[in-house]
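Take a look at the structure below.
No value in this document is a laboratory result; all are computed from the given coordinates. The shown structure was predicted, so the numbers you read here are calculated from the model rather than taken from an experiment. Here the Cβ is made from the backbone with ideal geometry for all residues, glycine too, and neighbour counts use every protein chain on show.
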Amino acid sequence: MATLAQNTKFAQPILGFFAAAAAQVGAFFDSLANANSHMMRYKELDALSDAELAELGLTRNMLVHHVFGSLN
């Protein structure tokens, strides 16, 4: 019985460490996916002509702020 109690006390910090590490890895991959979607959107807009950008109310100089401004 004492061994079970000792193992439980030891296992809790280890499990907490792995749960925190898994959360950080998940957050990292979420950040990668988010950055990738922003980059894809930038490339889509950058491929448009200046006239097409104007129809959207944008200029080429505004693209970076328009696409990546939400990351701040």
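Just to be sure I understand the model, the point goes 7 Å from the Cα along the line to the Cβ. What's the resulting Phe29 to Asp46 distance in nm?
Distance between the two pseudo-spin positions: 2.7 nm.
So if each residue of separation counts as 0.36 nm, and I subtract the Cα-Cα distance between Glu55 and Phe68, what length gain in nm does that give?
Fully extending the segment from Glu55 to Phe68 adds 2.7 nm.
Distance from the Cα centre of the stretch 56-70 to that of the stretch 8-52, in angstrom?
Here the answer is 22 Å between Cα centres.
At Leu15 and Ser37, where each label point lies 7 Å from the Cα along Cα→Cβ, what is the point-to-point distance in nanometres?
With each label point 7 Å from Cα toward Cβ, the separation is 3.3 nm.
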